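Taking it in order: structure first as structure tokens, then the write-up.
The values are calculated or read from the model by the stated rules, or taken from the named source; none is laboratory data. What you see is a predicted model; the values in this text were computed from it and never measured. Positions of Cβ are backbone-derived with ideal geometry, glycine not excepted, and every protein chain shown enters the neighbour counts.
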Amino acid sequence: MNNNLLALLDYCLIPIISQMTQIEILTNYLKDKNKKISFYTLESKTSLDKMIVLNEKLNEKPDISGFILFSLTQFAYGSKMNIELIQKILKNNYEIYFYRENIHLKNLDDFDENFEKLKLFEHNNIRLINKIKSLVL
């Protein structure tokens, strides 16, 4: 079984948590899950809202088991929570880890079970999301 993940670092948090520190945190988080980061990337100021880099990586169909993101907030930097992209990742048979929220979605069944939580996430965290976005935007 492939235990490699692509890490998508949080561009908005770089003023507070450097890229290297984010990688170290995610690497340590994955140790007891028998997963490892095979490579990492991040969105830019101009791609944050649509998660263009993540979409491009997904379209490349990398040989990994899934993706790890620093936080679910990364899906909320656009005009609305990008739940469709989460679903697309899972439909392509990749799993997703969200470090900050300690969420692991293995498949579409997990997505369905967590749908309400995902849908309410932006509403419940809007002040945090806006504060984080204000660091770089």
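How many residues, within the stretch 79-113, are of a type in the set (Phe, Trp, Tyr) and part of a helix (DSSP H, G or I)? Residues that pass the stated criteria total 1.
Taken across the stretch 76-85, residues that are more than 21 Å from SER134 (Cα to Cα) and touching a residue at least 12 places away in the same chain (Cβ under 8 Å) do occur, with at least one present.
So that you can scan it fast, the table gives a plain yes or no per residue for (1) of a type in the set (Gly, Ala, Ser); (2) within 13 Å of the chain's Cα centre (by Cα):
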{"residue": "GLN22", "(1), (2)": "no, yes"}
{"residue": "ILE25", "(1), (2)": "no, no"}
{"residue": "LYS36", "(1), (2)": "no, no"}
{"residue": "PHE39", "(1), (2)": "no, no"}
{"residue": "SER44", "(1), (2)": "yes, no"}
{"residue": "ASN55", "(1), (2)": "no, yes"}
{"residue": "LEU58", "(1), (2)": "no, yes"}
{"residue": "ILE64", "(1), (2)": "no, no"}
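One residue stands out among those in the stretch 116-137 that are within 24 Å of ILE16 (Cβ to Cβ) and among the hydrophobic types (A, V, I, L, M, F, W, C): the one that is modelled with the lowest pLDDT, which is LEU137.
Kindly evaluate ASN114 against the criterion of being surrounded by fewer than 13 Cβ atoms within 10 Å (Cβ to Cβ) and polar (S, T, N, Q). Answer is no for this residue. Selection of the stretch 79-115 for residues being modelled with pLDDT under 95 and among the charged types (D, E, K, R) yields only LYS80.
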